[in-house]
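What follows is a set of notes on a single structure, which appears directly below.
The values are calculated or read from the model by the stated rules, or taken from the named source; none is laboratory data. Fair warning: this is a prediction, and the values are worked out from it, not measured in the lab. Cβ placement follows ideal geometry from the backbone for every residue including glycine, while neighbour counts extend to all protein chains displayed. Note: accessible area is taken over every heavy atom of the protein model, side chains too, but ligands, DNA and RNA are not part of it. Shrake-Rupley method; radii C 1.70, N 1.55, O 1.52, S 1.80 Å.
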Amino acid sequence: MSVLDDLSRLSAAEEFFVYLGVDYEQAVVNVARLHILRRMGQYLRDSQEREVFARMDDEEVKLLCRDHLAKAYQDFIVSTPIQERLFKVHKDAVAPKTAPAKPFVPLTSLTGSV
């Protein structure tokens, strides 16, 4: 079984930190757990797209995953989930709002036939 297979079986953020041996503060994880894991997922996808894992043995993959988790965690030490805007709800909250279209009723529709 590979490291990536092992990671796919984990569910709680704390399990990722323990498995990869990354130190963390519970208070930070309590606030940003989903954001940290999502950011780590972005880093992992980038590595997969660049086919980095194909050139590595299992121990190297584990070290890279560890680095990705540590970097994702650090992102939320120096920033906040709102500032990072990883989820659609946060992106939508700051997206420019378009004014609702005002209904147009032509004057000719208001006059009736006599």
TODO: Tabulate in residue order the Karplus-calculated ³J(HN,Hα) for the stretch 99-105, using 6.51 cos²θ - 1.76 cosθ + 1.60 with θ = phi - 60°, rounded to whole Hz; enter x for Gly and Pro.
DONE: 5, x, 5, 7, x, 10, 10
TODO: Work out which chymotrypsin sites (Phe, Trp or Tyr not before Pro) in the chain are exposed loop sites (DSSP not H, G, I, E or B, at most 14 other Cβ within 10 Å) and give the longest gap free of them.
DONE: 1-86
Task: Nearest-10 value in Å² for the accessible area of ILE36, using the 1.4 Å probe - done: 0 Å²
Open item on the list: Give me the one-decimal nm value for the distance between modelled label points at GLU51 and ALA27, 7 Å along each residue's Cα-to-Cβ direction.
Closed with: 4.6 nm
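Taking only protein heavy atoms into account and a 1.4 Å probe, give the accessible area per residue of the stretch 1-44 in Å². Mind dumping the intermediate values first?
Details: 2410 Å² over 44 residues.
That works out to 55 Å² per residue.
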Task: For the chain, alpha-carbon Rg and Dmax in angstrom - done: 23.6, 88
TODO: Report, in deg cm²/dmol and to the nearest 500, the calculated mean residue ellipticity at 222 nm for the chain, where each DSSP H run with n ≥ 4 adds -39500 (n - 2.57) and the sum is divided by the residue count.
DONE: -19000 deg cm²/dmol
- [ ] Please turn the phi angles of the stretch 47-63 into ³J(HN,Hα) values with the Karplus equation 6.51 cos²θ - 1.76 cosθ + 1.60 (θ = phi - 60°), one per residue in order, whole Hz, x for glycine and proline.
- [x] 5, 5, 5, 8, 6, 5, 5, 5, 9, 10, 7, 4, 5, 5, 4, 4, 5
